[in-house]
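Only one structure is covered here, and it is reproduced in the block below.
What follows draws every value from the coordinates through simple rules; no lab data is involved. What you see is a predicted model; the values in this text were computed from it and never measured. Here the Cβ positions follow ideal geometry from the backbone for every residue, glycine too, while neighbour counts run over all protein chains shown.
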Amino acid sequence: MIGAALGALLSHWTRRPFQLLTLVIGLATATALWSGVQAINAQARQSYADAANRLGEADLPVIEARGGGDLAQARFIALRRAGWQVAPIIEGQLASGDTAILLIGIDPLSMPPGRLPGGAGFGAEPGAGLDADFLAPPGVLLTGPETASQLEGALPVPVRAAEGMAEGRAYADIGIAQRLLNRPGRIDRMLVTGPGSLGAPSLERIAPDLAQRRPSGEDDALGRLTDSFHLNLTAFGLLAFAVGLFIVRGAIGLAFEQRRPVFRTLRALGVSRNALLGLLAAELAALALVSGAAGMGLGYLLAGLLLPDVAATLRGLYGAQVEGALSIRPAWWLAGLAIALAGTALAAAGSFWQVARLPLLAPAQPRAWALASRKLLRGQQLAALALAAAAIALALWGSGLIAGFALLGAALLAAALLLPSILQGALALGARTARGVVQDWFWADTRQQVPGLSLALMALLLALSANIGVGTMVSSFRLTFTGWLDQRLAAELYVTAPDAETAARMREYLAPRTGAILPIVQAEARIDGQPGAIYGVADHATYRRNWPLLGSVPGVWDRIAAGGSVLINEQLSRRAGLVPGDKIDLPGGRFNIAGIYSDYGNPAPQVMMGLTRFESEFPEVPQLRFALRVPPEAAADLARALRAQFGLGDDAVVDQAAVKALSLAIFERTFTVTAALNVLTLSVAGLAILTSLLTLGTMRLPQLAPVWSLGLTRARLARLELTRAILLAAITFLAAVPTGLLLAWVLLSIINVEAFGWRLPMHVFPGDWLRLGVLSLLAAALASLWPSIRIARTPPSDLLKVFANER
Amino acid sequence: MLDVRDLRKFYPGEAGPVPVLRGIDLSLGPGETLALTGESGSGKSTLLHLIGGLDHPDGGSIELDGIDVTALDDAGRAALRRRTVGVIFQQFNLIPSLDVARNIAFQAKLAGQHDADWTTELAARLGLSDHLHKYPEQLSGGQQQRVAIGRTLAARPRLVLADEPTGNLDEETGAAVLGLMLRLVEETGAALLTVTHSDRLAARMGRRLHLRHGRIAR
Ligand SMILES: Nc1ncnc2c1ncn2[C@@H]1O[C@H](COP(=O)(O)OP(=O)(O)O)[C@@H](O)[C@H]1O
Ligand SMILES: [Mg+2]
């Protein structure tokens, strides 16, 4: 009997293949997008962990200066002598032309052998395989093959590619690294590599200004920043999953609704309620597993396609290393199938509840659709209101990235739930403009279609809003960033001298040929407990006129020139809650904060101080880089002359335009991934409309047959059907614009600030909306083309059956 | 006004086309009423559909008010359904998205024949005045059929075709509805061709034809 009951239930799907297709596609794409993003995240996290562990910093305690800042190498020697087992590390950005790498200087003799960076130059046997090249001048830089080829010949030190080494970072002997970073005799921190000898004095006694940090498990700054990137990705995965679930919910709801008579018959024939529910659960679980597995396959492909861009983005933006190839863990498969099952359960919960309460006998009075849909609308409105209230509360009192994303979710869901009401309202307004009886019917009939299509349209709304929101964020970002670059890169040429002696000759040569020679000097320092940089800035109109200040005290540049005041970047200001007028402790003393400047593309804290003061605080930093002011038309010639005169490489003389192009390129890639997810989500929504229309197609005949019999041709009905889909998509699009702008606002003003430390001004781009609007109408037209053609081709006898058959 | 000659219709079957109508001849003058009876499956509905321009015959001719219905294209047949004939089916006649008032006025407006007074009068005489703003699925079967009758007659078609219009109603309601329909059709002066199983109802019509295996049996 169970077999027979199952057969009766399953026969529904063979009779309605499109409904089955809808369910499978919805669930498979939802699972695919979700698990694809998860695969990318897992891969990236694994790579960070590998990278962090290469030196063992994730699990070894670290000693560093209490107030931040670096240390003299003598401190390391003193601790060693006192019996501490420590290994010195220096770290810094090394820029060479258009590549910047993280250079890590180590002392292979004090590092425990197992902690040394692997690969060529270091033998497999601990300690024994140290390459003499690494230690002896001129030394060697070990890095990944890609970075090695980029650095080829650009540095005074040979670069060697080593198997298994991360891209974007290089290891060198500490002495060589100090020279390359212009920080002779300095180190950043020490790794505690062993227990130390008995009787070694405590740190408090011999070095009270140093502090020991427990192993952090992860590099803090990098962890925080990449975390936010992955949270962004996860949020998009979740959004796409939600779009998919809307589709699944629609298909399941319909399949249950249409099988109501079958359920009743089965119950009447003696199948118990629990047996019926069990059968339905088994049926859905089987479907979920099949679709989920298909989705996992798709997700794997998706992750494989996106991973190179993600890797490039993370490298460009954060200097984080991600392997370009995907490795798959069994846990990922299990989690993916579990999420498919959980999603199905969520989508089916309402339908199950209804079946559980299904009375054995059909109610005498069929529910009027108008009444039922009004009740449903009321429920949706209430839920939307509650969610909107939650979103407002989060906006007012929430803090942190999670609260930001919760706000985003609540606002989007509220908008989606409000959509049917908006559609009904707009259609009611439209009905007033109806001329003639056919238009009258068109509006009324369109209103009747809203409940059946609302889930697909909600999915469309979410996809369009995400598109508008993320598009607005990206475009605002780009606009602000280009404007900012223009201000920031006001000088025409930037030159780097290989050494102090050449630098001096260069200045002599340049003095008569340029309007101004502005040194660019920088010192690594811990600022507010994080690794950052201090810049020296010359007192010149170039800065006074152009530097992108967000806020300042009066006479800011005079104060900077005087030396007692500094500028800080926005991320430092937000993170530490510092405003102009506050004070900040830096190596060299306590400074007044005279202003805050915007500093996109760099997550680290930065400080600018007057050049004269900088020179007295950091006398060891040589002046090797200069910004040159020349008439723009003379820049190219001067660049050529400089290269010829001093034998400089292409990378040593950079013009403004090249720097801008490079910086923009990094940012473009940052958003490739979200853009790809956007397109995918929109396609899924288009698919949802198609499958909903096809599913509704069978239910359409009874609605269309009377109108046809009264004298409308099938061709005209088909044209109206097409118009209807386009109209609904158009209204949905109009609702998506404010929703998308809200999304953009949350992204720019809340999530960005939490994640990156910058607040970006919002710019709107109505031209982009127009394009998206046309695209969504096209998608709707395309989705309804086939269903419309099917209507135009319905044989009259099928239409006539409506009047003869029992339904 | 209606002249059907040697009308033939086949339906596709497993072993080739199956004849359903095998040469029907029949004619109907203005204002005449005709009852069509026959066993289930004898082809009554098919005949009605062909006359009403709802489907295409495979042979023979139908002339309605001087127009050759069989020569019309899709649009021409749609125009015929709008203006010249009114069809009432056994069930599910109504447009579910429109309320009673708009259902009744629909065909008349479509045909450009809307007469507000006449529509109001029809609704009143069909006992629908209190239900004008209800939707079809909120009505009983008898009420629904009365709306269908009202809608057809509001357009004042020259020919009314009814296919077991009371077949889904109980005997008593069916008789009442049919009586009402007959009286109203008479008033509009339309010709009426109705399919019915009930001898009692057939007796109230002007003529009676019996269909057997796709042929008229006398
Ligand atoms: N669309 C169709 N396709 C195939 N056979 C049909 C179709 N419509 C009707 N028939 C067959 O044609 C015959 C006549 O049907 P119909 O005109 O509906 O009979 P009646 O109305 O007298 O009961 C029946 O045998 C029926 O099965
Ligand atoms: Mg019949």
>> Of the candidates B:Arg146, B:Arg200, B:Arg22, which one comes out as most mobile in a Gaussian network treatment of chain B with C-alpha springs shorter than 10 Å?
In response: B:Arg200
> Which of A:Met762, A:Met296 comes first, and how do the rest follow, when ranked by fewest Cβ neighbours within 10 Å?
Replying inline: A:Met762, A:Met296
> Using 7 Å Cα-to-Cβ label points, what is the A:Ser149/A:Ile789 separation (nm, one decimal)?
Replying inline: 4.7
>> Over the protein assembly as shown, how many pairs of lysines fall under 19 Å by alpha carbon, counting only those 8 or more apart in sequence or from different chains?
In response: 4
>> Can you classify region A:493-629 as rounded, prolate or oblate using the Cα gyration tensor, where a ≥ b ≥ c are the square roots of its eigenvalues, rounded means a/c under 1.5, and otherwise it's prolate if a/b beats b/c and oblate if not?
In response: prolate
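Would you mind getting me the FRET efficiency between A:Leu301 and A:Ser272? Use the beta-carbon distance for r and R0 = 56 Å, nearest 0.05.
Once the sixth-power term is evaluated, E becomes 0.80.
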>> If each DSSP helix of 4+ residues adds -39,500 (n - 2.57) and the sum is divided by the residues in the protein assembly as shown, what number results at 222 nm, nearest 500 deg cm²/dmol?
In response: -18500 deg cm²/dmol
> What is the set of long-range amide H partners of A:Leu141 at a cut-off below 5 Å, with H atoms built 1.01 Å from backbone N?
Replying inline: A:Val159, A:Arg160
>> What whole-number distance in Å separates the alpha-carbon centres of region A:141-163 and region A:251-272?
In response: 69
> Based on the Cβ-Cβ distance of A:Ala383 and B:Arg183, what FRET efficiency does E = 1/(1 + (r/R0)^6) give at R0 = 56 Å, to the nearest 0.05?
Replying inline: 0.55
>> Please check: in the Gaussian network model of chain B (C-alpha springs, under 10 Å), which one of B:Val87, B:Val177, B:Val195 has the largest mean-square fluctuation.
In response: B:Val177
> What list do you get for A:His230, B:His56 if you sort them by fewest beta carbons within 10 Å?
Replying inline: B:His56, A:His230
>> Only Cα pairs within less than 10 Å get springs; with that Gaussian network setup on chain B, which residue of B:Ala191, B:Ala15, B:Ala123 has the largest fluctuation?
In response: B:Ala15
> Rounded to the nearest 5, what % of the DSSP beta bridges within region A:493-629 are antiparallel ones?
Replying inline: 70
>> Can you compute the charge dipole magnitude of region A:479-525 about its Cα centre, using +1 on each Lys and Arg Cβ and -1 on each Asp and Glu Cβ, nothing else charged? Give it in debye, rounded to the nearest 20.
In response: 140
> With each pseudo-label sitting 7 Å past Cα toward Cβ, what's the B:Glu172-A:Ala641 distance in nm, one decimal?
Replying inline: 11.4
>> Taking 45 Å as R0, compute the FRET efficiency from the Cβ-Cβ separation of A:Arg759 and A:Ala331 and round it to 0.05.
In response: 0.75
> Under 17 Å from a point 7 Å along the Cα-to-Cβ line of B:Tyr11: which residues of region B:43-73 have their amide N that close?
Replying inline: B:43-51, B:54-59
>> If each residue of separation counts as 0.36 nm, what is the full-extension length gain between A:Ile2 and A:Ser616 once their alpha-carbon separation is subtracted?
In response: 212.1 nm
>> What's the ranking of B:63-72, A:452-461, A:488-497 by average number of surrounding C-beta atoms within 10 Å, highest first?
In response: A:452-461, A:488-497, B:63-72
>> Need the C-alpha centroid separation for region A:724-748 versus region A:406-444, integer Å.
In response: 13
> Among the DSSP beta bridges whose two residues both lie in the protein assembly as shown, what percent are antiparallel, rounded to the nearest 5?
Replying inline: 65
> Taking the Cα centre of chain B as origin and charging only Cβ (+1 Lys, Arg; -1 Asp, Glu), how large is the dipole, in debye to the nearest 20?
Replying inline: 220
